[in-house]
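J.: Pasting a structure here, questions to come.
The values are calculated or read from the model by the stated rules, or taken from the named source; none is laboratory data. Here the structure is a predicted model, which means the values were calculated and not measured. FYI the Cβ positions are ideal-geometry reconstructions off the backbone, even for glycines, and counts take in every protein chain you see. Areas reflect the complete protein model, heavy atoms only, side chains present, ligands, DNA and RNA absent. Shrake-Rupley method; radii C 1.70, N 1.55, O 1.52, S 1.80 Å.
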Amino acid sequence: MNPLEYDAVTGWDDDATAEAYAAFARAHPMYSASSRDLAARAGLAYSRGIVDLCGGTGTTAEAILALASPDATVISLDSSAAMQRIGRSLLSDPRLTWVNASAEELADHVPARSVDAVVCNSALWKTDVSAVVAAVRRVLRPGGRFVFNIGGAFAGVTHPDAQIPPPGPSLSGLIEQIAARDYGVVPPTAAVPAKLPLSVVTGMLADAGLHVVAAEVTGQRTTIAERAAWLSIPVFAHPEGALSYEQKMAILAEATVQTEPDNFTITTWLVIVAELLEAV
C-alpha cells in the first residue's frame, strides 16, 4: 500500500478506510456520542431543513434523525463516495438525502436560506474553513444554527481532565518509541500552533454574519482499546510519514499489548454553537 493513499484530509474516498471507519463507529462510542451532543445543541425539534455536513457514513445523520420532526428533511453531504456507499447501506430513512460534494460546495447543492441547522462533527478543520462558513451562511435561514466541534489540538484547548496523567504507559508514546527503534522514525519535537483557536473561528463566523451563542470545551473518555481501534483506521494510522499501513499496524499491535485496554484518556473538543443574525 502506498502510505500517501491514507491521508487524514484527502484519503477518505477509499473503500478500506470507509469500511474500517464504519466498523469503528458501530463498535465504539467516540463518533456516536459526539454526534448526539452536537445534535442536542442544534435545536432540531422544530427544524424543517437540516444538513449533516461532512456526514461520512451517516453517524451524525442518525443522531439528527432521532431528534428531527417527522416532516423534516435531512441532507448528509460528504465528498467521499466510498463513505456514502456504506452509509446508504446502513441508514435508510425517507427524510434523508445523500449528496456527494465537498463542504465548500454546500451552497451549490442546497437552496439559499432553506436550512434551520447545519451540524458538522469532527471534520471542520479538514476543510477550507472560511469558504465553508460562507457556504453555511448562504443556506441558513435567519436565526438558523451552525453547530460543530473542533479537536482540542486544532483549537489549542485542553479539557481539565485531560491534564491529569493517565494510568499506565501512553499508547502514542509507545508507538513513537517502537517506530524510532525499529524504523528510525524520529517523532516531531516542535510544537504545532493551533490552527483554529476560538478567536480565529469567532472572527470567521462574525465576518459571515454568524454570532457565537455558546462555546464549550468538553472532555470525552476514550479507552485504550477504543484508541487502538481508531488508530487502525487507515487515515489515522501512526506514526505519520512514509511507513506502510502494514508496518504501522505491526507497531500498533506491539504497543497495544503493553497497555491495559480499559485504561483511558480524555479526548478534548471545542464545541461551538453559532446563529445567523436576523438582520443579515
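J.: Quick one: order Tyr183, Tyr31, Tyr245 from most to least accessible surface, probe 1.4 Å.
T.: Order by accessible area, largest first: Tyr183, Tyr245, Tyr31.
J.: If the chain were replaced by its equivalent ellipsoid, with semi-axes equal to the square roots of 5 times the Cα gyration tensor eigenvalues, what would those be, largest first, whole Å?
T.: So the equivalent ellipsoid measures 33, 21, 17 Å along its semi-axes.
J.: Measuring with a 1.4 Å probe in the full set of protein chains, what accessible area per residue, in whole Å², belongs to the stretch 217-280?
T.: That works out to 44 Å² for each residue.
J.: Between the alpha-carbon centers of the stretch 234-280 and the stretch 153-211, tell me the distance in whole angstrom.
T.: Taking the Cα centre of each part, the stretch 234-280 and the stretch 153-211 sit 10 Å apart.
J.: Ranked from the most accessible area to the least, with a 1.4 Å probe and all protein chains present, what is the order of Arg227, Arg85?
T.: My answer, sorted largest first, is Arg85, Arg227.
J.: Something else: Evaluate the charge dipole of the chain about its Cα centre and quote only its size in Debye, nearest 20, assuming +1 on the Cβ of each Lys and Arg and -1 on the Cβ of each Asp and Glu.
T.: Magnitude of the dipole: close to 640 debye.
J.: Taking only protein heavy atoms into account and a 1.4 Å probe, give the accessible area per residue of the stretch 1-156 in Å².
T.: I get 40 Å² per residue for this part.
J.: Rank these residues by their accessible area, most exposed first, probe 1.4 Å: Met83, Met204.
T.: Met204, Met83
J.: If one computes P(r) from the Cα atoms of the stretch 1-134, what percent of pairs lie at distances over 20 Å?
T.: So the pairs more than 20 Å apart make up 42 percent of the total in the stretch 1-134.
J.: Okay, helix-only estimate at 222 nm for the chain: each DSSP H run of n ≥ 4 adds -39500 (n - 2.57), divide by all residues, round to 500 deg cm²/dmol; what do you get?
T.: Helix contribution divided over all residues of the chain: -11000 deg cm²/dmol.
J.: May I ask for the percentage of alpha-carbon pairs in the stretch 126-280 that lie more than 27 Å from each other?
T.: Of the Cα pairs, 39 percent sit more than 27 Å apart.
J.: Assign unit charges at the C-beta atoms only (+1 for Lys and Arg, -1 for Asp and Glu), then state the dipole size of the stretch 84-240 relative to its Cα centre in Debye, rounded to the nearest 20.
T.: Dipole of the stretch 84-240, to the nearest 20 debye: 380 debye.
J.: In whole percent, how big is the carbon plus sulfur part of the accessible area of the chain, probe 1.4 Å, protein atoms only?
T.: With neighbouring chains kept in place, the figure for the chain is 55 percent.
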